[in-house]
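Comments concern the structure below.
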Amino acid sequence: MKNFSVKSGFGLGAIIFAVAAVITLPLRTIQFFTVLEGGTGFYSSNDLSVYLLYGLIAASVIVFIALGISKRKKLDFNRDTVKRPVQGIISLLTAATVFSDGLAKAGAVMNDGSSIVEYNYTGAVSFNTEKLLFGAEALLAVISAIFFLSLGLVYLTGKTNGSEHRVICLSPVIWCIVRMAYRFTRTISYQRVSDLTFELLMLAFLIMFFMAFAQVNSQISDKNCEWKLAGYGLPAALLALICFVPRLIVTVTGNDFLLYEHSSAEFCDLGTALFICSVVFTRLTDRAEKNKTPVESTVEG
């Protein structure tokens, strides 16, 4: 097992990520009790916490991407066929949380008694967009859960390195695209509802991360793509935690009325954030160091 070092892999990014999370998560939680209107998600006022939160998020994203680009020819992805118990457990946890999203959306589809295709009095056809998107999201969430489940079993057994999942590895990308498409159907201000803004940014970075992961893990057009796992993944993970942790705290304390009506705490956000961290902090290595060090079949996290 390689020792953690800020000089190899993406160690410096780990420190920046931890500091950003420690500051932004409490800051966002406080906003729910001070400057956010319950039910609408609108800011009642723009105090220092609003500017500080956006400033920290913007600075963190810029640093992650800049640091990734600066190391684009120095990073490598560890594909050694070994047991990875930590990443295996996290992958199984991610599978469970993504599957829970599929169950929730499937339940929403079944509880919606309206027809998918409707005709008005002139005979014009209209579609129930929400029901269609929820149905697609439910299906893709189940397929994505199967992908994470497969990865988890592979990492726990150590029989392969997971690169054989070349087709199903695109399912998380499409799942995130559908999740984003649903949010664009909401007729509401993207600037005033910060929850929606954070979700859209999170999903955009998730799409880019999972696309890069599919390339790197399957070794398809993956030359110098390793930096994207960190450059896109860490912003996605930070935003996912911002979308999940404060909402969960608000919910478990019995103040869920403070949440924007369409933005509850979704465990799939936590699952994907943990999966990204496990990839970035345990699989990205220094390319030169890896080429110099003989590969040993040992248990890795």
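The values are calculated or read from the model by the stated rules, or taken from the named source; none is laboratory data. On a predicted model such as this, the values are computed, not experimentally measured, just so you know. Don't worry about glycine lacking a Cβ; one is built from the backbone with ideal geometry, like all the others, and counts go over all protein chains shown. Each accessible area value is taken on the protein alone, full model and side chains, heavy atoms only, with ligands, DNA and RNA left out. Shrake-Rupley method; radii C 1.70, N 1.55, O 1.52, S 1.80 Å.
Data for the structure
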| quantity | calculated |
| --- | --- |
| Top-ranked residue in region 137-162 [being of a type in the set (Gly, Ala, Ser) and closer than 14 Å to Gln87 by Cβ; ranked as most open to solvent (accessible area, probe 1.4 Å)] | Ser150 |
| Residue in region 9-29 that is open to solvent by 40 Å² or more (accessible area, probe 1.4 Å), free of Cβ contacts under 8 Å to residues at least 24 places away in the same chain, assigned to a loop (DSSP other than H, G, I, E, B) and of a type in the set (Gly, Ala, Ser) present | no |
| Residue identified as of a type in the set (S, T, N, Q), open to solvent by less than 60 Å² (accessible area, probe 1.4 Å) and either without any contact (Cβ under 8 Å) to a residue 60 or more places away in the chain or out of contact with any Phe, Trp or Tyr (no Cβ under 6 Å at 6 or more places or on another chain) (or both) among Ser91, Ser100, Ser45, Ser70 | Ser45 |
| Filtered residue count, region 73-85, keeping only those that are open to solvent by 40 Å² or more (accessible area, probe 1.4 Å) and touching an Asp or Glu at 6+ places or on another chain (Cβ under 8 Å) | 2 |
| Residues that are of a type in the set (A, V, I, L, M) and either at pLDDT below 85 or exposed (fewer than 13 other Cβ atoms within 10 Å of the Cβ) (or both), drawn from region 276-299 | Ala288, Val295, Val299 |
| Some residue of region 187-204 being open to solvent by 10 Å² or more (accessible area, probe 1.4 Å), in contact with an Asp or Glu (Cβ under 9 Å, 6 or more places away or on another chain) and more than 19 Å from Ile30 (Cα to Cα) | no |
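Okay, residues lined up against (1) in contact with a Leu (Cβ under 9 Å, 6 or more places away or on another chain); (2) touching a residue at least 40 places away in the same chain (Cβ under 8 Å); (3) open to solvent by 50 Å² or more (accessible area, probe 1.4 Å); (4) more than 29 Å from Arg84 (Cβ to Cβ):
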position	(1), (2), (3), (4)
Met208	no, no, yes, no
Gln215	no, no, no, no
Leu241	yes, yes, no, no
Asn255	no, yes, no, yes
Leu258	yes, yes, no, yes
Leu274	yes, yes, yes, no
